[in-house]
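So the structure is just underneath, and the comments pick up after that.
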Amino acid sequence: MIKLKKLLAEAEPPKQKPPSGGGGDTPEKPQKLKINIPDSPFEPDPGEIIESLKQVLKQWELKQYPSDAHRWREYFVDIKKLVGKFEGEPTK
């Protein structure tokens, strides 16, 4: 009987530690991922908004329009694009 226990003990593979990063009985506490994205469309920088507005105003000043109606339609489209940019909508 003692011989049998000794043989079984020798036949068992040695117990190993679980690999780090998981696999243990107690899971590690998840850590929060910190991401700092300064140019995020969800929190636009006021300076970026002002610069974009200045660019649009400069374009409007330099561009020649065939009519007042055409001018106002272009203004509408440009403002709509600018709002979409800062709300995170994909550009077309």
### Query
Considering the range 39-92, what Rg and Dmax in Å follow from its alpha-carbon atoms?
12.5, 37
#### Entry: Total formal charge among the other residues, if their Cβ is under 14 angstrom from that of Leu62, Lys/Arg +1 and Asp/Glu -1
+1
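Taken together, the values in this text are just the output of simple stated rules run on the coordinates, not laboratory data. The structure presented is a predicted model; accordingly, all values stated were derived computationally and were not measured. When we count neighbours, we look across all protein chains shown, and the Cβ atoms used for this are built from the backbone with ideal geometry, even at glycine.
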